[in-house]
Amino acid sequence: MTSATGRGLFRYTVLFLALFFAIALKPAHAMQKAADTVSTGDVQFTEAPSKSQEMAEGIKKADSIAKLKADSLKKATKDGVTNNGTDSPKSLWQLFIIGFLGGFAAFLLPCVYPMLPLTVSFFTKKGGTRAKAIWQSCLYGLCIIFIYVVFGLLITIIFGPTALNGLATNGIFNFFFFLMLIVFGASFLGAFEITLPSSLANKLDANSDKGGFAGIFFMAATLVVVSFSCTGPAIGGVLSSAFTKGDRLAPAVVMFGFSLAIALPFTIFATFPSALKSLPKSGGWLNSVKVILGFIEIAFALKFLSNVDLAYHWNLIDREVVLSIWIAIGILMSLYLIGKIKFSHDSDVQHLTVTRTFFAMAAFAFTVYMIPGLWGAPLKSISALLPPLSTQDFDLTLGSGSSTNAASATATTTIKEKKYEEIFKRLPKVKGIDDWYDYDQAVEVSKQLKKPILIDFTGWNCVNCRLMEQNVFPNPEVFKRLQNEFVMLQLVIDDKTELPASEQTDLLLSPGKKATTIGNKWLDFEVAKYHSNAQPYYVIINEKGETLVPPQGANQNIPEFIKYLDSGIAAYKKVSLN
């Protein structure tokens, strides 16, 4: 393979990672099987005159479940089926991959990549022997990892795991992340540079002249500080996934992956210095990577603004608004890649390389793919990042589902007006499934229809909930069971709608106090009765409030979810016969 071909393939890989970095920036819980969680720290308390008799009675009934149910719950606990909202090792591995991809993208930015040959040359010359050079470069890489991981741990210490958990639905923090990513994106586009004080960099650089471990550590610290103008926005992007994840280890895991991707090249090329000759030289293509990442961070920022809009019912950032902005960004990105527009520090595109042409085609194709979404196309590959389809004003697909079946189901009950229906009209829905939003109403419907209740603890900003609603619920076998065999109850635990004083339910967790919002009310109910703060979280109960089978979180394995539903149906029939 010629060096020119090698450089071309390398640039192809670089632009591919940059262009699709948005996928890597998806909140990790969008890709995992474990359920998302919401912190109870967001519950607002006020004094109340009395306790909730009905809810307390429900807990007593739950404690007197039949022996069959008790045995199944015991088995579920043993097998790890019951989800209490904690993260699985798999989800942390996904966070690590997000951090690693982000770190690799950051390594290819103009502030880091040019440092590679200089640093490798320093170690090979100063080390004397190859073994010593390799050892020093490994130590250098470990110091980089240590600095970034400590930064991730400090994030957890400062905010605390409970606060991190609450960021997914907290309006202030989501708006902060939106502004942060907009600023970082503008920085990547060349509007300004975000740098740490030069005095700090100079002091670290001076200390790097010391010999031994101290000198190498300060060299690593100098790289971290000097490259912050490039790595800072990238760090903000990958940390946003950790914040919305809510796990105490998430920031450290993301930073470990991020720092490993930056440290590895320095160690590898110090071990094989001759391989440096095959790398492309620094040039305008590095700034192109930076600009593409800027576009992607601005696009991703809209996800956080949409979170705030949904939870607080602003009704401003509808699905077509986000799609329109993303399409505009895609067009600008395509024009940039073919050299029709350029930013500061960009060099002129003298000719269009094959690599650049392929990525311009990919950007333009992705833009065209999004256009049908303006008229209601589901766009399943990116639907978890978009506001729900129910927020769209113009949807050509309306009426194509089996909504008449849902209407007929409602007509068979004496309850003609659903509580909170107007509030949750923008909540994602599966056409043909008749959803209820109030526990008491669902219990009454269950009594009338002689069907078990499937409680779906969900949220406006729950990505796993959207994946279940788009990939699992519409399956014909799942849909048939949900439509015909269950009373569907959606309890939204992150809704910020203030409850009237007469509806502020007494808290089960804190007798004598009460929650003031719909979300507080159902979050308290979920934690108190089912010992979980997960979303989605599915619980099958009868009209007496008795849990029939072990609850479970998100499960995109359709046969397994069907088995779960069938077990609930069978348990309901068995309890009814007894």
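The values are calculated or read from the model by the stated rules, or taken from the named source; none is laboratory data. Just so we're clear, the structure is a prediction, and the values are computed from it rather than from any experiment. Cβ sites come from the backbone with ideal geometry, for glycine too, and all protein chains shown count toward neighbours. These accessible areas exclude ligands, DNA and RNA; they are computed on the full protein's heavy atoms, side chains included. Shrake-Rupley method; radii C 1.70, N 1.55, O 1.52, S 1.80 Å.
Sorting SER347, SER288 on solvent-accessible area from highest to lowest, probe radius 1.4 Å, gives SER347, SER288.
Once backbone amide H atoms are built at 1.01 Å from N, ALA515 has THR505, LEU507 as its partners under 5 Å, excluding neighbours fewer than 5 places away on the same chain.
Label point of SER324 set 7 angstrom out along Cα-Cβ; within segment 375-396, amide nitrogens under 12 Å from it belong to 393-394.
Calculate what fraction, in whole %, of the accessible area of segment 438-578 sits on carbon and sulfur atoms when a 1.4 Å probe is rolled over the protein chains.
Details: 2390 of 4620 Å².
Here carbon and sulfur together make up 52 percent of the probe-accessible area.
For HIS531 and TYR369, FRET efficiency with R0 = 51 Å and r from the beta-carbon atoms, rounded to 0.05? List each step's numbers first, then the result.
Values: r = 43 Å, r/R0 = 0.84.
Efficiency at R0 = 51 Å is approximately 0.75.
Using the beta-carbon distance between ILE97 and LYS544 and R0 = 41 Å, what value does 1/(1 + (r/R0)^6) give for FRET efficiency, to the nearest 0.05?
Values: r = 45 Å, r/R0 = 1.10.
Step by step, r from the Cβ atoms, then E = 0.35.
As a calculated quantity, the FRET efficiency between PHE176 and HIS313 at R0 = 25 Å, using C-beta atoms, amounts to about 0.80.
On segment 282-374, 71 percent of the accessible area sits on carbon and sulfur atoms, based on a 1.4 Å probe.
Hey, which of these cross-link pairs are over 26 Å Cα-Cα: LYS416/LYS563; LYS529/LYS573; LYS450/LYS514; LYS416/LYS451?
Details: LYS416/LYS563 32 Å; LYS529/LYS573 23 Å; LYS450/LYS514 32 Å; LYS416/LYS451 18 Å.
Too far apart for the 26 Å limit: LYS416/LYS563; LYS450/LYS514.
Segment THR412..PHE146, full-extension length gain: 89.4 nm, with 0.36 nm per residue of separation and the alpha-carbon distance subtracted. Amide H contacts of GLN552 (H built 1.01 Å from N, in plane; Pro and chain starts excluded): TYR538 sit under 5 Å, all sequence-distant by 5 or more or on other chains. Summarising the amide proton neighbourhood of VAL487: residues at separation of 5 or more, or on other chains, whose placed amide H is nearer than 5 Å comprise ILE453, LEU454.
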